[in-house]
Amino acid sequence: MGDRSRPCPEVTAMVVKLDLRINKQNEASVSVSGGKSRHYYVLFAVGALFLLSSLLIFSRGIWRSYELRSEKTAFESQAEKNLEKTAVIDAEFKRLEAQNKDASEKLDFVLSGAPVIEFLYELGERTPDGVVIESLSMSPESAVLKGVAFADEEVLELVEALSSAGSVASIAMPVINGGQREGISLRQFSMELKLNPLQQIANGGEGADEAAENGGAPAQNEND
């Protein structure tokens with residue numbers, strides 16, 4: 001009980017104040033720095049994607065340009081080949097056209113009434129041995145023979161043989177010249193013949209027989 005009279009000790013209170021603003025500034029600084037870093041990363045990523053896409057587009061453009069150049073070269077080569085084929089076809093067409101025209105003219109000549117077949121048959125049958133016919137030109141009314149023989153007698157024998165041919169109306173005097181071929185002496189000749197019309201030959205040479213009955217005049221004089 002005596003303890004109640006002892007005085008109580010004095011309690012002193014200590015107040016401590018902490019300023020946390022520096023830490024907040026550091027946190028804000030860290031937050032801003034982290035935001036900037038992320039922003040740089042995003043920009044870098046976008047730039048890298050843009051650069052990569054640009055490279056891809058550029059590479060695609062170069063490849064497409066190469067493809068177009070190859071296609072152009074192939075097209076030009078094919079066009080050149082087509083032009084060559086067209087030129088060949090055109091030349092062949094012109095050749096066939098000329099050949100067809102020549103055949104048509106020959107057919108028209110045969111159908112014109114000229115005794116082509118008859119005269120050629122008789123010429124082959126009546127040409128004596130030793131006589132070679134080198135060229136023959138014909139019109140509907142006449143023919144010209146050129147050839148070679150070993151002697152004048154053989155040429156005259158050909159004239160005599162053709163004079164009795166049904167397709168021949170008359171024969172002019174042949175022109176005979178001397179010549180040599182490979183050291184061999186030959187006689188070169190040329191003769192012109194008047195031909196009978198095909199209708200007269202088909203009728204059995206009635207015109208020639210009538211001319212003979214009227215005094216034996218040659219068919220050439222009758223035609224004149």
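Where a number appears in this text, it was derived from the coordinates with a stated rule and is not lab data. Since we're looking at a predicted model, the values are computed, not measured. Neighbour counts are summed over all protein chains in view; Cβ atoms, including those assigned to glycine, are modelled from backbone coordinates with ideal geometry.
What to note about this one:
- In whole angstrom, region 116-216 maps to an equivalent ellipsoid with semi-axes of 28, 13, 11, each derived as √(5λ) from the alpha carbon gyration tensor and ordered largest first.
- Remark: for residue pairs Lys101/Lys194; Lys146/Lys194; Lys106/Lys146, the C-alpha separation exceeds 24 Å in Lys101/Lys194.
- Exposure proxy order (Cβ contacts within 10 Å, fewest to most) of Glu134, Glu182: Glu182, Glu134
- Extension gain from Ser190 to Lys72, taking 0.36 nm per residue of separation minus the Cα-Cα distance: 36.0 nm
- Model label sites at Ser135 and Ile57, defined 7 Å from Cα along the beta-carbon direction, differ in position by 8.0 nm.
- Rough spin-label spacing in nm, given labels placed 7 Å along Cα→Cβ, for Gln180 and Ser65: 7.9 nm
- Sorted ascending by nearby beta carbons within 10 Å, beginning with the fewest, Val116, Val144 become Val144, Val116.
- Taking 0.36 nm per residue of separation and subtracting the Cα-Cα distance, full extension of the segment from Ala151 to Ser163 would add 2.4 nm.
- As a rough footprinting exposure proxy, the listed residues Lys72, Lys146 were ranked by other beta carbons within 10 Å of their own, and the order from fewest upward is Lys72, Lys146.
- Extension gain (nm, one decimal) between Glu84 and Ala48, 0.36 nm per residue minus Cα-Cα: 7.6 nm
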